[in-house]
1. Work from the charge dipole of the chain (Cβ charges, +1 for Lys and Arg, -1 for Asp and Glu, about the Cα centre) and give the residue of ALA8, MET173, SER212 farthest towards its positive end.
2. Report the charge-dipole magnitude of region 1-111 in Debye, nearest 20, computed about the Cα centre from +1 at each Lys and Arg Cβ and -1 at each Asp and Glu Cβ.
3. Just to be sure I understand the model, the point goes 7 Å from the Cα along the line to the Cβ. What's the resulting THR94 to SER30 distance in nm?
4. Could you sort the peptides 220-228, 76-84, 161-169 by per-residue average Cβ neighbour count (10 Å cutoff), highest mean leading?
5. If you place +1 on the Cβ of every Lys and Arg and -1 on the Cβ of every Asp and Glu, how big does the dipole about the Cα centre of the chain come out, in debye to the nearest 20?
6. Using the crude model of +1 on Lys and Arg Cβ and -1 on Asp and Glu Cβ, and no other charge, please compute the dipole size for region 121-243 relative to its Cα centre, in debye to 20.
7. Ignoring ligands, DNA and RNA, what percent of the accessible area of region 81-192 is carbon or sulfur (1.4 Å)?
8. Could you work out how far apart the two model spin labels at ASP300 and ASP15 are, taking each label as a point 7 Å from the Cα in the direction of the beta carbon, and quote it in nm?
Amino acid sequence: RDDEAAVAAYKARPDCRYVVCDGGRALFSSETALALIDEAEALAFGIDDQSSGTTIAFLGLAGGAPLFAVNARAGLDDSRFRDTRTQAPFLSPTENQVALAATAIATWHRRSGFCSVDGGPAILQSAGHARKGSTSGALTFPRSDPAAIMAVSSRCNSKILLARSPRHPAGMMTTLAGFCEAGETLESAVAREVLEETGVVVDEGSVRYLKSQPWPFPQSCMLAFRATADASQPLVLDDELLEAKWWDRDSIRRACEVPGAVMRAEVAAAAFAADPTLEVLVPPKNVVARELIEAWLNEDD
């Protein structure tokens, strides 16, 4: 990244391609594929940057071809831009990683045009992976705020606690999640978030780490956990949730059979219309919430 000649050589290659982002959206060529376009096409979307005049960032090589991310003008009215949160799970594993990385770096650039130390323009460094204060010389780097996501099951393991927030369509339930606060362990964050959001006290010593996933919405890394709790506790929801419920395996197994981008309201509504006996929907495959749910499904009661 710090070899400017090498980065320039990558840009000059005929197989070099660009991912165009607009905030939390990326340019798609279809429902299941990113638009990987050449430099001229990418720059036609315009550049959104107040300081350096460019927000091109080197992402790496994919199949041997150089990939760059570029920030488009904010708020473009182009239906090919899709919400990365809801659409990236339907990309190939490689393009999923590319979409998340491009969204993360583009979002950071959109928020970081000025230096927090001297207040002046922050100039791109390291092929778009750092910025330097034009007066102070202070370096800043993309942030990944730690967040915990947790599957809480009943002590007998026959039920799982899922909830719905205002950003999810009616009937779409998912695992609980929340940010880790300053000076807090991730295990403590799991217990606190479950208690704050649902009033449920998780069993002491039951929290265990499973895996992680980048989640640049806007700038997080999700760390996934399992925990258990007494399912007879009353649910007391905070203002971040619309509903929460303990679900059995039969209901969740049926939900996992429903295909499509069910985090989109129109897709969720169509699923319930097609099967009025359907009780609930869960996130699609290739997101960590779904992996937590399926891991629980495959466990014994």
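The values are calculated or read from the model by the stated rules, or taken from the named source; none is laboratory data. Please read these numbers as outputs of a predicted model, since none were measured by experiment. In this analysis, Cβ positions are derived from the backbone assuming ideal geometry, glycine residues included, and neighbour counts consider all displayed protein chains. Note: accessible area is taken over every heavy atom of the protein model, side chains too, but ligands, DNA and RNA are not part of it. Shrake-Rupley method; radii C 1.70, N 1.55, O 1.52, S 1.80 Å.
1. ALA8
2. My answer is approximately 240 debye.
3. A separation of 1.6 nm, rounded to one decimal place.
4. Values: 220-228: 20.3, 76-84: 15.2, 161-169: 18.2.
Those peptides, ordered most packed to least, come out 220-228, 161-169, 76-84.
5. 560 debye
6. It comes to approximately 660 debye.
7. Ligands and nucleic acids excluded, carbon and sulfur give 54 percent.
8. Computed distance between label sites ASP300 and ASP15 equals 5.1 nm.
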